[in-house]
1. With point charges of +1 on the Cβ of Lys and Arg and -1 on the Cβ of Asp and Glu, referenced to the Cα centre of the chain, which listed residue (Leu267, Gln433, Leu200) lies farthest in the positive direction of the dipole?
2. Computed over the Cα atoms of region 40-156, what is the ratio Rg over Rh, Rh following Kirkwood?
3. What residues qualify as long-range amide H neighbours of Asp113, i.e. H under 5 Å apart, gap of 5 or more or another chain, H built at 1.01 Å from N?
4. Treating the beta-carbon of each Lys and Arg as +1 and of each Asp and Glu as -1, no other charges, what is the dipole magnitude of region 432-489 about its Cα centre, to the nearest 20 debye?
5. What FRET efficiency, computed as 1/(1 + (r/R0)^6) with R0 = 45 Å and r the Cβ-Cβ distance, is obtained for Asn298 and Glu64, rounded to the nearest 0.05?
6. Want the number for Leu489 to Asn178: 0.36 nm per residue separation, take away the alpha-carbon distance, what's left?
7. Can you give the local net charge around Asp60? Use residues other than it whose beta-carbon is closer than 12 angstrom to its beta-carbon, Lys and Arg +1, Asp and Glu -1.
8. Can you give me the pair-distance distribution of region 432-489, C-alpha pairs, 5 Å bins, whole percents?
Amino acid sequence: MNILLVYPEFPDTFWSFKHALKFVRKKSSSPPLGLLTIAAMLPSTWEKRLMDFNVQKLRDKDLEWADMVFISAMTVQRTSVIEFINRAKAAGKMIVAGGPLFTAEPEGFPEVDHLILNEGEITLPLFLSDLGRGKTKRVYQTDEFADMTQTPVPLWELIDLRHYDSLSLQFTRGCPYNCDFCNVTALLGHRLRHKTTQQLVAELDKIYALGWRRGIFIVDDNFIGNKRILKQEVLPALIEWRKGKRGCLFTTEASVNLSDDDELIDLMVRAGFTQVFVGIETPDDLALAECSKSQNRNRDLVSSVKKLQRMGLQVMGGFIVGFDSDDETIFERMITFIQATGIVTAMVGLLQAPIGTQLYQRMLREGRISHAYSGDNVDGESNIIPKMDPQILKKGYRKILDSIYSAKGFYDRVKTFLNDYKPARHPVTMQWQEIAAFMSSVFEIGIKSKERKHYWRLFFWTLFHHPKKFPLAITFTIYGYHFRKVNELHVA
């Protein structure tokens with residue numbers, strides 16, 4: 001049987017890094033880890049091809065080749081999903097769909113032949129068994145959570161690694177916290193489940209053997225959910241794995257209370273972690289209480305961020321405005337907070353309520369769900385009717401983005417960060433893409449763009465004050481270029 005696995009296209013968003021990727025001659029930030037893992041669960045006798053629409057176009061002959069099509073997607077990919085489903089149905093193909101979008105909104109895709117919902121380790125084998133007996137159902141779903149020790153190594157052979165800026169691994173699923181706007185626990189539960197350390201090392205060995213030396217994103221929603229196993233097993237194993245190797249530095253996601261554990265931070269940095277995404281959400285304690293973000297309360301958030309930076313971790317931050325408790329002072333307070341922390345990669349969105357979250361249920365009861373959830377964190381839209389005057393909220397939100405993504409605001413923040421950041425030294429190999437990115441940044445940003453004076457000021461300031469951090473400064477100028485391009489898309 002010929003199986004075509006399809007990953008729909010992402011729109012131009014904050015996390016797509018579309019405008020930055022051209023500098024390093026890459027087509028997509030990362031490959032579809034979920035589909036590559038699902039591919040490894042399919043019978044080995046089946047022929048498999050993976051089409052990632054972010055790096056390649058679907059041709060008619062690709063559809064003609066397929067006996068069955070598997071598609072997985074997130075909410076933000078909805079437009080591309082619908083376009084593909086229409087094309088596949090017109091070609092008479094059987095469609096099998098799964099992933100976050102279909103699990104959250106199964107009723108929204110009546111054209112799909114089979115829905116494999118929740119976690120594939122449980123529901124996919126049920127479908128395959130029924131398929132073999134010729135007695136398939138339309139919907140396969142479960143309330144159980146998968147045993148991740150049974151999750152196979154992804155079939156990286158199905159993609160061309162050269163198209164991607166980073167690769168992804170997953171060690172855990174679930175999160176112990178209860179943030180009411182987050183759909184992680186709705187999809188994956190509160191109980192933290194994890195692979196074995198041996199599984200993680202095996203995945204790394206395979207990636208390294210394939211010649212990969214660039215970044216690796218460990219996509220856990222809260223990597224530090226089980227500190228004991230990290231300290232006793234995982235991080236020591238990663239430190240050992242790194243010996244004699246170059247590149248393959250790690251990014252992950254963690255709660256801000258990572259800053260309370262010096263031992264854990266030190267182990268992560270020694271293991272090759274250089275970046276961590278933290279859901280900070282807001283500097284306002286009332287709003288943190290409102291959304292049940294208990295782990296962020298009763299602490300100096302600026303100091304927490306600074307500590308992580310000084311111990312060797314770049315902090316990427318997620319922020320939200322539009323909580324019921326927000327007043328008109330939140331906009332300036334948000335700007336001040338972001339600038340003070342030196343969080344270069346700062347994503348600010350309006351509060352949205354994904355289907356399945358506690359927030360969605362509460363807004364539904366109050367009659368405050370206005371339309372479908374877009375899945376785009378920075379498009380300036382929300383599916384919630386806010387308590388604040390909507391025009392004031394949108395105007396204030398626009399003020400935040402225009403300030404922090406402006407050339408001055410952004411470059412000032414880069415300087416703040418570089419002054420605080422104390423990176424660990426890890427052996428890396430300069431690749432031709434980095435050299436090309438540097439040359440492109442000089443031309444595109446240093447010569448052609450309106451922000452060129454800020455570029456050159458940072459260029460020479462870094463060479464004089466922090467010469468060892470110069471490559472990082474150039475990387476950030478490219479990030480800023482992307483953020484401004486995305487921001488311009490949504491200017492009213």
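Every read-out reported here was derived from the displayed coordinates using simple, explicitly stated rules and does not represent laboratory data. These numbers come from a predicted model, not from an experiment. Positions of Cβ are backbone-derived with ideal geometry, glycine not excepted, and every protein chain shown enters the neighbour counts.
1. Gln433
2. Result for region 40-156 is an Rg/Rh of 0.94.
3. It is Ile95, by chain and number.
4. Charge dipole of region 432-489: 200 debye, to the nearest 20.
5. For Asn298 and Glu64, the calculated efficiency is 0.15.
6. So the chain would gain 108.7 nm between Leu489 and Asn178.
7. Taking every other residue near Asp60 into account, the sum is +3.
8. In whole percents, the pair-distance histogram is 4, 20, 29, 26, 15, 4, 1, 0.
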